[in-house]
Amino acid sequence: MDWTAPVSALIGGLVAVVSTYLADRGRWHRQELARALDRQRELYSAFLAALFGAREQIFAASRWPRSQAERKSMAASAVRDHDVYARRYQMELTANPQVRECTRITLTALLDYRNEVASGARWNTRRCEARRDQFRDCQQRLLEVMRSDLTT
């Protein structure tokens, strides 16, 4: 009896099953990486949006024409109103070390800006402008680091 035909068919079937498995596994891995990148992009976007919202509220407080107490209250609540701390902790859990460090520095700059406005500084004072510019520089650096992380 000739065994070459059944053995060839068995080897061919085995090769087909293994190659299909490897192709599916590769496709699954690529899809998983794409999903992880999407999650990271959403997280970064949410944190940047929270920072932007808080900064805008602090800036509005510095221009608010009413009493100093109302300006202080508006500035003091900006970080809480925009969930900046919650977003920051999400960043701590999932971002790479360089992004985490830039996140901390940027948040510190935002808090310094907020504290300056909450202490009564108006938008056009030298110290307030310096704090605002420092925050913008930190935010720009954070954005660059995030872009770099998302492209690698």
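The values are calculated or read from the model by the stated rules, or taken from the named source; none is laboratory data. Keep in mind that this is a model prediction, so the values were computed, not measured. Reconstructed Cβ throughout: ideal geometry from the backbone, glycine too, with neighbour counts over all protein chains shown. Each accessible area value is taken on the protein alone, full model and side chains, heavy atoms only, with ligands, DNA and RNA left out. Shrake-Rupley method; radii C 1.70, N 1.55, O 1.52, S 1.80 Å.
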### Message
Compute and list, largest first, the equivalent-ellipsoid semi-axes of region 1-67 from the alpha carbon gyration tensor, each √(5λ) rounded to a whole angstrom.
### Response
65, 4, 4
#### Entry: Spatial extent of the chain: Rg and Dmax, with the Cα atoms as the point set, Å
26.3, 102
## Note on the structure
Lys and Arg at +1, Asp and Glu at -1: neighbours of residue 126 with Cβ under 14 Å from its Cβ sum to +1
### Query
Size of the dipole of region 19-109 about the Cα centre, Lys and Arg at +1 and Asp and Glu at -1 on the beta carbon, nothing else charged, in debye to 20?
140 debye
### Task
Could you work out how far helix 97-118 tilts from the main Cα principal axis of the chain, as a 0 to 90 degree angle to the nearest 10?
20 degrees
### Task
Bin all alpha-carbon pair distances of region 30-82 at 10 Å intervals from 0 and give each bin's fraction as a whole percent.
25, 33, 18, 14, 8, 1
### Normalised contact order of the chain, rounded percent, pairs of Cα under 8 Å and 6 or more residues apart
24 percent
### Query
For region 1-44 and region 68-104, what is the separation of their Cα centres, given in Å?
43 Å
### Query
Quick one: helix 84-94 against the long Cα principal axis of the chain, what's the angle to the nearest 10°, folded into 0 to 90?
30 degrees
### Task
May I ask you to give the solvent-accessible area per residue for region 20-111, in square angstrom, as obtained with a 1.4 angstrom probe?
60 Å²
### Task
Compute the acute angle (0 to 90°) between the alpha-carbon long axis of helix 126-151 and the principal axis of greatest extent of the alpha-carbon atoms of the chain; round to the nearest 10°.
0 degrees
### MRE, 222 nm, helices only [DSSP H, n ≥ 4, -39500 (n - 2.57), over the chain, to nearest 500]
-30500 deg cm²/dmol
